[in-house]
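Only the coordinates and a few stated rules stand behind these numbers; no lab work does. Quick caveat, the model's predicted, so the values are computed rather than measured. Backbone-built Cβ (ideal geometry, glycine too); neighbour counts: all protein chains shown.
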Amino acid sequence: MSSRDNILQRIRTELRKAPAPEQPPVPEVWPRMNPSSEQLVEQFTTALEQVDGEVIRCGSMEEARRKVTELAEQLDAKPVGAVDCPACRDLLSDFPADRVAWTRDGWDPKQMAQLPAGLVAAELLLADTGTCVVVNDTAEQRLMCYLPPVCLVVARVDRLFEHMPAAWEEIARRTAEPQQRGEFVFITGPSRTADIEKILILGVHGPRRLMVILVG
Amino acid sequence: MNSENLHLEGASFLKQQNEGLYEPAGSKATGEAAVRSTDKNRVITGAIPYWQDWREQARDIKRHAVANLDKLLVEFERNIAARGATVLWAETAEEANRMVIDIAREHDVRSVVKGKSMVTEEMELNRSLQAAGIRTVETDLGEYIVQLAKQRPTHIVTPALHLSAEEVGRLFHEKLDEPFTSEHQQLTDIARRHLREEFISADMGMSGCNFAIADTGTMAIVENEGNVGLSTSTPPIHVATIGIEKVIPSIHYLPVFLQLLARVGTGQSLTSYTHLIHGTTPGKKLYIILLDNGRTRILRDPAAHNALTCIRCGMCLNVCPVYRRAGGWAYGWVYPGPIGSIISPHLVGMKQAGTLPFASSLCGACSEVCPVKIDIPHQLVHLRHRAVCEPSPANSILDRLTWRAWAWAMSGPRRYKLAMWAVRVGVRAAGVIPQCLHVDKLRAWTRGRELPKVPGPAFRKWWKRQRP
């Protein structure tokens, strides 16, 4: 018998003795308040700032393009790293080709670690916690979230949900798709630690700064 | 697995506990941090009107999961294997270590970066890998510090809680050849610099798992530093070790746990990173090791099943008056605090850890805060009962003789009188005999406490005088 069989056999033998409780209902967790999109933006901004993230609000894509160009200048990001996806392509469409380093298969993590900033796109945002939900299908996309010292996230205002339970239907559906690989990462503020004397320090392994470019 | 290997080297529970109690400098940091965490937790949870509902819901879901463990594990295995993961099952820590070494050898791995995982602490994985000639680096800052200091974590969420910034600075100076500093930011920067190199050059990354979700085949892992993200995406191989009790039935149940865990674990509404990992990414390999290592022994005892519902948030440690004074090492094994006292006796056996359930005042603070409402004081009493019925240090010949003598003395007035006389003489004598000559068990008590003064005449003598 394999270890698998042994473990399962032991579990089955022991559980036969205990009565099985009924399957509990799915908790509602937070009630739905359906706030307006302006309220959501405000909530999101407050929550993200509380965890030391920054929000760059842009009314239109043109404005976002302009602001990200300025930002790249400020950060002296030559080039900016970016995930090769439609949202990031759109945002960086004004950038000269040599100023952007797109994710591509087999990218060396050592090179990625040298990038001054990395741009990723969030598929959903949670307003109550200031969270960006980023879907990463490849290791390079994942590394773009964690390796550069500044993490830029582009997201659309209409993808704001009031809280995790409100967004969960979509998240649950997408994680259940059999072809789904890689990870969904919920990013709530920059990398942080309080491991030495419980004093909060930002940017221990991941980015020191998290900036969300909120468009719409 | 020879459970003797698992114990902290040379640390019998009682001795460690006494040392913790005896060295206020050592436990002060732990105690203060624990008090701060508790206060913070009270404010956070008090502000949420649904908090008690969430606890009950989480408890019911975890109990349901334990009652269906076999089906859920098979479902999880099937679903994550369908997404490209290789799932392995290990009965013991030894077997799991062997699996990790085999994977490492197969892929010619020389160095491993690790995210925080209590299961790998339980396996003593680092020691096994080292013995096999494979370099392992803990990448959680607290774990990294503890590993450099060649120590053990004192807390399951904040492993280096017992060390001051100055001590960390000295350690980095000594081991990493860095100029001394006690600045938190600089210390963190030093660790970042050194660990960056490790991430980039590692051949394999390891992680634990907070929730293994059966219906989608997803692993949910929470962290703050980004080291789990890096450990699981930089190297070409990711190995996740998961205790079999970590499985939950459905992705739909996850939000309530995520709401609870970060708030009790670290006082955040969500941790900086919550990863939902489903399967491999192109060009990478993912191995899952499902570990029993004594967990099915807990199933054998129906009264103990709730101990398997723990989500390892560490809150019961922070509120525990014993943990606050004694610190994490006092418990003699990887899981300290109240939760350690109720799972270690099952996992390493009563013979090793039979005294742990007695190291509690049964005040109940732990079950007040437990996010999955584990009845820890009841579990402790249940284990005390078992400890005196089964072979354990609480059931030694000395203990048995003591209780038999007590029963004998209590079952007749003359015997009682004789016993009381013996006690008065004994206490007086112990006060006169120098402490260093006290027998071990007595000294454990008298080292930190004064002997009570023997009061004037005994009650019976006094009573007689009242009615001549």
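Could you point to the residue in B:Cys313, B:Val228, B:Leu286 farthest towards the positive end of the range B:219-350's charge dipole, with +1 and -1 charges on the Cβ of Lys/Arg and Asp/Glu respectively?
B:Cys313
Cross-link candidates for B:Lys40: which aspartates and glutamates have Cα within less than 17 Å, leaving aside residues fewer than 8 places away along the same chain?
Result set, ordered by chain and number: A:Asp195, A:Glu197, B:Glu32, B:Glu368.
If you plug each phi of the range B:233-250 into the Karplus form 6.51 cos²θ - 1.76 cosθ + 1.60 with θ = phi - 60°, what whole-Hz ³J(HN,Hα) values come out, in order, with x for Gly and Pro?
10, 6, x, x, 10, 10, 10, 10, 9, 9, x, 5, 7, 7, 7, 10, x, 9
Let me check I've understood the local charge: for A:Ser3, count other residues with C-beta under 10 angstrom from its C-beta, Lys and Arg +1, Asp and Glu -1. What total comes out? Provide the component values of the computation, followed by the final result.
Values: positive: A:Arg4; negative: A:Asp5, B:Glu91, B:Glu95, B:Asp292.
Net of charged neighbours comes to -3.
Given the -39500 (n - 2.57) contribution per DSSP H run of 4+ residues, what per-residue ellipticity at 222 nm results for chain A, rounded to the nearest 500 deg cm²/dmol?
Only helices count here, giving -10000 deg cm²/dmol.
Take every residue in peptide A:172-180, count the Cβ atoms of other chains within 10 Å of its Cβ, and give the average of those counts.
Working: counts 9, 1, 4, 9, 10, 2, 7, 2, 7.
That works out to 6 on average.
Rounding to the nearest 20 debye, state how big the charge dipole of chain A is about its Cα centre with +1 on each Lys and Arg Cβ and -1 on each Asp and Glu Cβ. Each step should come with its number before you reach the end.
Working: 25 positive and 32 negative charges, 151 e Å.
With Lys and Arg at +1 and Asp and Glu at -1, about 720 debye.
Please arrange A:Tyr146, B:Tyr144 by counting, for each residue, the other beta carbons lying within 10 Å of its beta carbon, fewest first. Before the final figure, lay out the partial values.
Numbers: A:Tyr146 30, B:Tyr144 26.
Lowest to highest Cβ neighbour count: B:Tyr144, A:Tyr146.
What is the distance, in nm, between label points placed 7 Å from the Cα along the Cα-to-Cβ direction at B:His173 and at A:Glu169?
6.1
Where the centroid of each part is defined by its Cα atoms, how far is the range B:273-351 from the range B:362-395 in Å?
Going from one Cα centre to the other spans 15 Å.
In terms of the ratio Rg/(2.2 N^0.38 Å) built on C-alpha atoms, what value belongs to chain B? Could you put the intermediate results ahead of the total?
Numbers: Rg = 25.0 Å, N = 468, 2.2 N^0.38 = 22.8 Å.
That ratio works out to 1.10.
Loop-only check: which chymotrypsin sites (Phe, Trp or Tyr not before Pro) in the range B:162-207 are DSSP coil with at most 15 other Cβ within 10 angstrom?
Numbers: sites: B:Phe172, B:Phe180, B:Phe199; in loops: B:Phe180.
Counting only loop positions with at most 15 other Cβ atoms within 10 Å, the chymotrypsin sites (Phe, Trp or Tyr not before Pro) in the range B:162-207 are B:Phe180.
Hey, got the average number of other protein chain Cβ atoms within 10 angstrom for residues in B:188-196?
Values: counts 10, 4, 0, 6, 9, 0, 0, 2, 5.
Mean shielding by partner chains, rounded to a whole number: 4.
What shape does the protein assembly as shown have by the C-alpha gyration tensor, where a ≥ b ≥ c are the square roots of the eigenvalues, rounded means a/c under 1.5, and otherwise prolate means a/b greater than b/c and oblate the rest? Spell out each step's value before the answer.
Working: a/c = 1.99, a/b = 1.88, b/c = 1.06.
Prolate, because a/c is 1.5 or more and a/b exceeds b/c.
Please report the equivalent ellipsoid semi-axes of the range B:398-466, computed as sqrt(5 x eigenvalue) of the Cα gyration tensor, largest first, in whole Å. Before the final figure, lay out the partial values.
Details: eigenvalues 124, 68, 13 Å².
After scaling each eigenvalue by five and taking roots: 25, 18, 8 Å.
Just counting partner chain Cβ atoms within 10 Å, what average do the residues of peptide B:71-82 show around their Cβ?
1
For the residues A:Arg159, B:Arg415, what sequence is obtained by ranking on other C-beta atoms within 10 Å, fewest first?
Placing the least packed residue first, the sequence is B:Arg415, A:Arg159.
Sum up the lysine pairs in the range B:48-293 that clear both bars: alpha-carbon distance under 29 Å and a spacing of 8 or more or different chains.
Close lysine pairs found across the range B:48-293: 22.
Counting only pairs 8 or more places apart or on different chains, how many lysine pairs in the range B:315-454 have C-alpha atoms closer than 30 Å? Spell out each step's value before the answer.
Values: B:Lys351/B:Lys373; B:Lys351/B:Lys441; B:Lys417/B:Lys441; B:Lys417/B:Lys453; B:Lys441/B:Lys453.
Going through the range B:315-454 pair by pair, I get 5.
At a 10 Å Cβ-Cβ cut-off, how would you order B:Arg192, B:Arg78, B:Arg467, A:Arg142, fewest neighbours first? Provide the component values of the computation, followed by the final result.
Working: B:Arg192 22, B:Arg78 12, B:Arg467 5, A:Arg142 27.
So the ranking, lowest neighbour count to highest, is B:Arg467, B:Arg78, B:Arg192, A:Arg142.
For the range A:61-216, what does the alpha-carbon gyration tensor say about shape, rounded, prolate or oblate, given a ≥ b ≥ c as the root eigenvalues, a/c under 1.5 as rounded, and a/b over b/c as prolate?
Working: a/c = 1.35, a/b = 1.14, b/c = 1.18.
Judged from the Cα gyration tensor, the range A:61-216 comes out rounded (a/c under 1.5).
Would you work out the relative contact order for the range B:313-368, in percent, from Cα pairs under 8 angstrom that are 6 or more residues apart? Intermediate values should be presented prior to the final figure.
Numbers: 55 pairs, mean separation 20.2, N = 56.
It comes to 36 percent, rounded to a whole number.
Label the range B:48-293 by shape, choosing from rounded, prolate and oblate, from the square roots a ≥ b ≥ c of the eigenvalues of the Cα gyration tensor; if a/c is under 1.5 it is rounded, and otherwise prolate applies when a/b is larger than b/c, oblate when it is not. The partial results should precede the final answer.
Numbers: a/c = 1.96, a/b = 1.27, b/c = 1.54.
Taking the square roots of the gyration eigenvalues as a ≥ b ≥ c, the range B:48-293 is oblate.
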